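Take a look at the structure set out below.
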Amino acid sequence: LIGKLERSHKSGKPLIVKLGCDPSTPDLHIGHGVVLRKMRHFQDLGHQAVLVIGDFTGMIGDPSGRNKTRPQLTLEDVKKNAKTYIEQAKVILDVDKLKVVYNSTWLDAMQFSDVVKLASKYTVARMLERDDFTKRFKAEIPISIHEFLYPLAQGMDSVELKADIELGGTDQK
């Protein structure tokens, strides 16, 4: 991080700082406040803040910290939940300097062959290194294949945006 900040300062090129929020409910929670505040710090330093509304990933459901598969939401449910996110985020963020994107823009455009190609770069063993999946696997609690696609979809958000920094959890490592 320090190296990226130094290169940005030296070159005058702002970093792209990404935060993804899946609208699985209509409200951001207190945990979002912490990362939104950090994003604001980056905005105040002149970097490009990008809020990713995970309308596509929200339909899958984030498996992080879950001991069972989340119920899948419809695109209609997710879009309805997302309506309030920007309004809530602007309490902390400078919305005039904020870029807001919806990850369905690029994830919906992927063909199944693109998904297979992406999935071929990872192994089940690597996915099971995630603490949430490890616990469920050891406890013989089912893990659906679509849950393995969730972190790949999140990774595609960063690739699409050419993000320099990702705020949030460590589940995308």
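The values are calculated or read from the model by the stated rules, or taken from the named source; none is laboratory data. Predicted model only: the values in this text are computed from it and were never measured. We place every Cβ from the backbone using ideal geometry, glycine too, and count neighbours over all the protein chains shown. Just so you know, the surface numbers come from the protein's heavy atoms only, side chains and all, with ligands and any DNA or RNA stripped out. Shrake-Rupley method; radii C 1.70, N 1.55, O 1.52, S 1.80 Å.
Per-structure values
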{"quantity": "Heavy-atom accessible area ranking, 1.4 Å probe, most first, across Glu160, Glu6", "calculated": "Glu6, Glu160"}
{"quantity": "Cleavage-rule hits, GluC sites (Glu not before Pro), the stretch 68-152, DSSP coil, Cβ neighbours within 10 Å at most 14", "calculated": "Glu129, Glu140"}
{"quantity": "Rg in Å to one decimal, and Dmax rounded to a whole Å, for the stretch 35-173 via C-alpha atoms", "calculated": "16.0, 48"}
{"quantity": "Dipole magnitude (debye, nearest 20) for the stretch 34-173, charges at Cβ of Lys, Arg, Asp, Glu", "calculated": "300 debye"}
{"quantity": "Angle in degrees between helix 145-161 and the longest Cα principal axis of the chain, rounded to the nearest 10", "calculated": "20 degrees"}
{"quantity": "Per DSSP, loop trypsin sites (Lys or Arg not before Pro) in the stretch 49-127 with at most 12 further Cβ within 10 Å", "calculated": "Lys68, Lys83, Lys121"}
{"quantity": "Portion, in percent, of the accessible area of the chain that falls on carbon or sulfur, probe 1.4 Å", "calculated": "57 percent"}
{"quantity": "For the chain, calculated [θ]222 nm from helices alone, where every DSSP H run of n ≥ 4 adds -39500 (n - 2.57)", "calculated": "-13000 deg cm²/dmol"}
{"quantity": "Selected from Thr84, Leu98, Gln72, residue furthest toward positive end of dipole (the stretch 37-106; charges at beta carbon)", "calculated": "Gln72"}
{"quantity": "Between helix 2-11 and the chain: long-axis angle, C-alpha atoms, 0 to 90°, nearest 10", "calculated": "40 degrees"}
{"quantity": "Nearest-10 value in Å² for the accessible area of Thr123, using the 1.4 Å probe", "calculated": "80 Å²"}
{"quantity": "Accessible area expressed per residue, the chain, with surrounding protein chains retained (probe 1.4 Å, Å²)", "calculated": "61 Å²"}
{"quantity": "Angle in degrees between helix 30-44 and the longest Cα principal axis of the chain, rounded to the nearest 10", "calculated": "40 degrees"}
{"quantity": "Extension gain from Ile30 to Val95, taking 0.36 nm per residue of separation minus the Cα-Cα distance", "calculated": "21.5 nm"}
{"quantity": "Estimated FRET transfer efficiency (Leu75, Ser144; beta-carbon r; R0 22 Å; 0.05)", "calculated": "0.75"}
